[in-house]
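Just below is one structure, and these are the notes that go with it.
Values in this text are rule-based calculations from the coordinates and carry no lab data. A quick note: this is a predicted structure, and the numbers were derived from the prediction, not measured. Here the Cβ positions follow ideal geometry from the backbone for every residue, glycine too, while neighbour counts run over all protein chains shown.
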């Protein structure tokens, strides 16, 4: 049997890798975001002397410790599967990114040690709180550094640096490394925040004790501030990332924006629409329970809800009636039936910029109101369902974005690439088209 030609029955090896990677990212992104959120909350508890921050930080740290084993097991399983199913490709990748993988391994190990130490010495350092908070931020920093190393590999696979593959700096700082890191850095906080808000809503709907209802009501509010607050800056960062792909890997850009897979961006716009409208509606509802009545601010947020709906609708209108050709979802003449309001310029730009500006206004007004406090434990059930909707939708968003980035290298399967224009899906080198020089000497064939 030829090396690297091992097949997986029924589902195929590409599906195996995709499932392992997507699942691992869902765990890892939450852990990275949650550690920073917990450390920040612990710091705020130390400064404000509000016990709910301390309770939240400790419970979240406990959950991260429990989750770490599952995330690490998935990472190891993914690497073993990659080595087994794509050995030729992995040999090149390992040679090109040896130092990056080495640093990532030490950052990952350091994060494990610090996270467990941070949680286990919580009571012992109760009177040295500043030092204990530092433990949390150091653990978060190591997680972010590990993510940065992996992002260098992921970005190189889509936009290989136009340099010698043994040029560590140029390979690491390829054309989309920085925008991808910014995108994931912000995304981790938003993703973790929405999930925390969803968990708070779930617990709020189930508990009966008044003090617990107040706490979980506050948790939903606190999680949504992180989730929505970081979500609204994603459009501008995502635009920068797409611009880097368009300039460096134009065929890959065309695949996800103009080709048969362009429907995934319409799907992504739907998820963003759902989260934006649900979050804004929650904010409007919550202002009813402000300690200091702010009817003017609430009316402004009602207007913000209307503008959010308007701008998000602009984002979900398709460019033509060729919606999802893979499943036959084509109407009239397909690509020949264009929808004027669905064009990227100017309508999609107006929708994205408008959504971001309105979102910034909404969160600013809400934070202004929250400074005076709320009457906790009085939220309606439908507002908690809005938080649960955000939590479910953000998971779908993460899966959709991951699929979009990875499917871009397929170039409509004509051919598909593991490293864009360098190594095909069947692990064949294409040095004549590869922008990275010397890749034919990067591993064994």
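Against the chain, whose longest principal axis comes from its Cα atoms, helix 295-316 is set at around 20 degrees. Its residue count N sets the reference 2.2 N^0.38 Å, and the alpha-carbon radius of gyration of the chain equals 1.04 times that reference.
Nearest 5 is fine: what % of DSSP beta bridges in the chain come out antiparallel, could you say? Before the final figure, lay out the partial values.
Values: 7 of 8 bridges.
So the antiparallel bridges amount to about 90 percent of the total.
Per-residue extension of 0.36 nm, minus the Cα-Cα distance of residue 105 and residue 399, leaves a gain of 103.3 nm for this segment. Only helices enter this figure: runs of n ≥ 4 DSSP H residues, each worth -39500 (n - 2.57), summed and divided by the residues of the chain, yield -24000 deg cm²/dmol at 222 nm to the nearest 500.
In the chain, Cα pairs under 8 Å separated by at least six residues give a relative contact order of 19 percent.
Cβ neighbours within 10 Å, averaged per peptide: list 150-156, 290-296, 359-365 in order, most packed at the top. Please list the in-between numbers first.
Working: 150-156: 22.6, 290-296: 13.0, 359-365: 18.7.
Order by mean packing, descending: 150-156, 359-365, 290-296.
Taking the C-alpha atoms only, the angle from helix 381-407 to the longest principal axis of the chain is near 10 degrees.
In a fully extended conformation the segment linking residue 440 and residue 428 would gain 3.3 nm over its present Cα-Cα distance, using 0.36 nm per residue.
Could you calculate the contour length gain from residue 309 to residue 125, that is, 0.36 nm times the residue separation minus the distance between their Cα atoms, to one decimal place in nm? Before the final figure, lay out the partial values.
Working: separation 184, 0.36 × 184 = 66.24 nm, distance 4.78 nm.
Stretched out fully, the residue 309 to residue 125 stretch lengthens by 61.5 nm.
Remark: relative contact order (segment 1-174) = 25 percent; criterion is Cα-Cα distance under 8 angstrom and separation of 6 or more residues.
Distance between the pseudo-spin-label points of residue 173 and residue 251 (7 Å out from Cα toward the beta carbon): 2.9 nm. Site pair residue 8 and residue 211 shows an inter-label distance of 4.8 nm when each label is modelled 7 Å from Cα along Cα→Cβ.
For segment 151-197, what is the relative contact order in percent, using Cα pairs closer than 8 Å and at least 6 residues apart in sequence? Could you put the intermediate results ahead of the total?
Numbers: 34 pairs, mean separation 17.1, N = 47.
Relative contact order for segment 151-197 comes out at 36 percent.
Within segment 186-414, the proportion of C-alpha pairs whose separation exceeds 27 Å stands at 38%. The distance between label points at residue 50 and residue 83 comes to 4.8 nm (points 7 Å beyond Cα on the Cα→Cβ vector).
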